[in-house]
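Please read the structure below before turning to the comments.
Just so it is clear, none of the values below were taken in a lab; they were calculated from the coordinates. Please read these numbers as outputs of a predicted model, since none were measured by experiment. Reconstructed Cβ throughout: ideal geometry from the backbone, glycine too, with neighbour counts over all protein chains shown.
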2 protein chains.
Amino acid sequence: MKTLENYSTDCGINLLAMRDTLDVLGGKWKLLILHYLITREHEINTFKKMEREITGISAKMLTKELRDLETNKLVHRAQQDTRPITVRYSITPYGKNAEILIQQLVTWGKNHRAQLTGKVVL
Amino acid sequence: MKTLENYSTDCGINLLAMRDTLDVLGGKWKLLILHYLITREHEINTFKKMEREITGISAKMLTKELRDLETNKLVHRAQQDTRPITVRYSITPYGKNAEILIQQLVTWGKNHRAQLTGKVVL
DNA sequence: CTGTATCCGATTGGATACTG
DNA sequence: CAGTATCCAATCGGATACAG
């Protein structure tokens, strides 16, 4: 992990925190996956279901992103003793902390789209 | 721009908004640049100054990211009539809307780092 | 079903040299 | 100073085939 030493200029602590967040949640899919699992907290979310319902993601990416999220304790993986094997993914209590962040992303995106079409919504 | 048609399943509107945001603000540098310009709103921020002070960014990336942000009206570019030419970049009033989002990123990052080191800060 | 392994094209992004 | 142009390595990420 990075240390503060590299960012000692100015408001380095905030920059470091932002980079941490971007490292953990950045990229094309992670926040979308968290959003998916948060809004479907009370459903059974298998790998296949997620691959089908998260538009555009490939199995390879879904695996990788889920592993990363699991490593950071944001997502829980529960392998079922079925045949064939199924796996249930769920958001962790800690993972739900991202909900505020996600809501901000949604709000900003809606406002930006309105901005572009001329209807400013503040 | 994308349309809602492609995301008609479930809470498609929110997903679309998230993707919009990730498209406009996503990637390694854009939010860091906005943060830089917001916290230095009353300074004169030239290209060179930014290149020096935003740790790790290359001229190529800085140019590209600033162009993208300008296109989305988040950043203003003002070329000065000096010799040699200097350029001042500043956050736009609209660009300041990102401040809430950025603050969330900072908060999340700080909390996550505390989480990893055992000190949970909620 | 839930992945892994491999191939391979597309994209990212740094280094360097150069222009106005 | 503020970029642009070029080269090139590394990574991303889709498609496909295969394994447990």
Lys/Arg +1, Asp/Glu -1 at C-beta; the stretch B:29-116 dipole; positive extreme among B:Ser90, B:Thr39, B:Ala59: B:Ala59
Assuming R0 = 35 Å, can you tell me the calculated FRET efficiency for the pair A:Ala114 and A:Asp23, based on Cβ-Cβ distance, to the nearest 0.05? 0.70
Built amide H within the under 5 Å cut-off of B:Asn45, gap 5+: B:Tyr89
To the nearest 20 debye, what charge dipole does the protein assembly as shown have about its Cα centre, counting +1 at the Cβ of each Lys and Arg and -1 at the Cβ of each Asp and Glu? 340
Considering chain B as a Gaussian network with a 10 Å cut-off on Cα pairs, which listed residue, B:Asp81, B:Asp20, B:Asp68, attains the greatest mean-square fluctuation? B:Asp81
Scoring the stretch A:29-116 by relative contact order with C-alpha pairs under 8 Å, at least six apart, yields a percentage of 32
Would any residue of the stretch B:90-118 have its amide N under 13 Å from a label point 7 Å out along Cα→Cβ of B:Ala78? List them or say none. B:90-93
Charge dipole magnitude, Cβ of K and R +1, D and E -1 - the stretch B:42-122, Cα centre, debye nearest 20: 160
If you draw the axis that swings chain A onto chain B, which residue of A has its Cβ closest to it, and how far is that in whole Å? A:Gln104, 3
Go ahead and estimate [θ] at 222 nm for the protein assembly as shown from helices alone: -39,500 (n - 2.57) per DSSP H run with n ≥ 4, summed, over the residue count, rounded to 500. -16000 deg cm²/dmol
Would you please classify the overall shape of chain B from the alpha carbon gyration tensor, given that a ≥ b ≥ c denote the square roots of the eigenvalues, rounded means a/c under 1.5, and beyond that prolate means a/b larger than b/c while oblate covers the rest? oblate
When Cβ neighbours within 10 Å are restricted to other protein chains, what is their mean count per residue of peptide A:99-106? 5
What is the fewest-to-most order of A:Arg83, A:Arg40, A:Arg88 by other Cβ atoms lying within 10 Å of their Cβ? A:Arg83, A:Arg88, A:Arg40
